[in-house]
Amino acid sequence: MFEELTRRLNSALRDLRGRGKLSEKIVDEALRDVRRAMLEADVNYQVAKDFIRRVREKAIGQEVLKSVRPAQVVVKIVHDELVQLLGGEASTLDLSSSGSTVIMLVGLQGSGKTTVAGKLALHLRSRGKKTLLVAADVYRPAAGDQLSLLGEQIQVPVYVASGKKPVEICAKAKERARREGIDAVLLDTAGRWHIDKEMMQELVDIRRKVAPDEILLVADAMTGQEAVNLAKEFDALLDLSGVVLTKMDGDARGGAALSLRAVTGKPIKYVGMGEKLDALEPFYPDRMASRILGMGDVVTLVEKAKATMDLSEQRKLEEKLRQKTFSLDDFLSQLHQLKKMGPLDGLLDLVPGFEASGIVVDEKALVRVEAMINSMTAQERENPKIIEGNRKRRIAAGSGRTVQEVNQLLRQFAMIQKMVSGMGERGWEKNLLSMRSKRRKGRVYR
Ligand SMILES: Nc1nc2c(ncn2[C@@H]2O[C@H](COP(=O)(O)OP(=O)(O)OP(=O)(O)O)[C@@H](O)[C@H]2O)c(=O)[nH]1
Ligand SMILES: [Mg+2]
């Protein structure tokens, strides 16, 4: 789903993440790519423009640019704004009211109304709700049969009344539902190829007569901005309660999903992910945003890091970086923070200076490093420069490692120290470059 959008957003943000320190210019460049990616995905022009403006306002803030992990923070801002764009909180059907909840499905021909009716009926049935499907499409000859077949398949009763008008059918079905204590009534209305007056009038009449609790527009996600315009027109006449976007399993580019809420103010409640009856998903803006960014992992990591790392610890660390007093003790406490967060994969780039230092550390290496640092005296950890021959041998023996490994650790720590002490200064980028070339020569821990 939305592969191209994901790919392009990813590459725009990856460039950003490759840099340690950000400037307005760098952020603007990345956001320009993000905007281009959105437009390519057929996101409404104004929506994309406003989105970028909001992200920029937050991302250019001094606090963000000066933070230890500015790029990650920007990625997080993009993610959070994406969640807002998609509607913020998830919004699904509300069946809590007593009596029968009437849900009316409207939309163009072939958009997937009947399929969604079946999917919702199955979904509700599995939640233990008594459901009634109503065939309110009397124009297409096979429409009633199609719904009856569906109903049989999922064992949900279907109300069909040939020879009657849709308005009457819906009203009668509602009555029956009340009599039989049915929880949810799904009205499957007729579609047309395009919006026409007659169809709209019929829908308005049904709405007036049965006063549905929900009116859901079923729209094909592949039609992009057309789906958004359609939602605007249906909403003007029917006051929609939400939208179901179907065929998200196809090659929809994402424009409809990303623009709908902002343009119409109406939430996407469900998405259709296939022809089968279980292919319906509630729409969760946060999950969708992570999926679109293709970096749920990164966002989770930042959240995790935020949750795990004590904020005051972080401040202290930042202060130390600034004052160039980053010691082996600080390094060790960073490693502990890391371990608390679980699997190491991808976590290291959250540690200031680590990614750029070129050190690759797996869990086992971490244990070795920890053992060596633990074998040092407080004085040695504070000032590793004093660690000479004898001390090295003692540390190696104490931790069950070799003197070479101790040397290696000290060299790398010196590298990290140099790295982080350069942060916030002009020499930083030069520093980074030299570290990168060292990285190419070979990774140290394996
Ligand atoms: N791939 C995919 N196909 C879908 C999805 N939803 C519906 N379809 C297919 O789209 C076609 C039309 O679906 P229907 O449910 O009959 O559409 P409708 O809106 O009821 O159409 P009319 O009753 O003619 O107005 C069918 O072939 C469905 O299988 C979906 O989420 N993914
Ligand atoms: Mg139909």
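Where a number appears in this text, it was derived from the coordinates with a stated rule and is not lab data. Keep in mind the model is a prediction, meaning the values are calculated, not measured. When we count neighbours, we look across all protein chains shown, and the Cβ atoms used for this are built from the backbone with ideal geometry, even at glycine.
Taking R0 as 30 Å, what FRET efficiency do you get between Lys21 and Asp50 from their Cβ-Cβ distance, rounded to the nearest 0.05?
For Lys21 and Asp50, the calculated efficiency is 0.60.
Amide hydrogen proximity for Val218: with H placed 1.01 Å from N in the peptide plane, the residues at 5 or more positions away or on another chain lying under 5 Å are Val106, Gly107, Val244. Checked against a 26 Å cut-off, the cross-linked pairs Lys66/Lys364; Lys113/Lys269; Lys165/Lys276 give Cα-Cα distances beyond that limit for Lys66/Lys364; Lys165/Lys276. Taken one residue at a time, the phi angles of the range 70-83 give Karplus couplings (6.51, -1.76, 1.60, θ = phi - 60°) of x, 4, 4, 5, 5, 4, 4, 5, 4, 4, 5, 5, 5, 4 Hz. Gly and Pro are set to x. Fully extending the segment from Asp249 to Arg393, taken as 0.36 nm per residue of separation minus the present Cα-Cα distance, adds 45.7 nm.
Using the average count of surrounding beta-carbon atoms within 10 Å as a protection proxy, the listed peptides 161-168, 279-286 rank, highest first, as 279-286, 161-168.
Each of Lys66 and Arg127 was given a label point 7 Å from its Cα along the Cα-to-Cβ line. The distance between the two points is 4.8 nm.
Rounded to 0.05, the FRET efficiency of the His336 and Glu180 pair, given R0 = 41 Å and the Cβ-Cβ distance, is 0.10. Taking 0.36 nm per residue of sequence separation and removing the Cα-Cα distance, the Glu152/Glu29 pair yields an extension gain of 38.7 nm. Summarising the label geometry, the points placed 7 Å from Cα in the beta-carbon direction at Arg208 and Lys232 lie 2.7 nm from one another.
Along the range 265-273 the Karplus relation, 6.51 cos²θ - 1.76 cosθ + 1.60 evaluated at θ = phi - 60°, assigns HN-Hα couplings of x, 9, x, 7, 9, 9, 10, x, 10 Hz to successive residues, with x for each Gly and Pro.
On the beta carbon distance between Asn383 and Glu4, with R0 = 51 Å, the FRET formula returns roughly 0.45. Under 5 Å from the amide H of Asn44 lie the amide H atoms of Ser259, each residue being 5 or more positions distant or on a separate chain, with H modelled from the backbone and absent for Pro and chain starts. Taking amide H atoms as placed 1.01 Å from N in the peptide plane, the amide H of Val102 lies under 5 Å from those of Val185, Asp213, Glu214, each 5 or more residues away in sequence or on another chain. Derived scalar couplings between HN and Hα for the range 176-193 equal 4, 4, 5, 4, 8, x, 7, 7, 9, 10, 10, 8, 9, 8, 7, x, 10, 6 Hz in order, rounded to whole Hz, by the Karplus curve 6.51 cos²θ - 1.76 cosθ + 1.60 (θ = phi - 60°), x for Gly and Pro.
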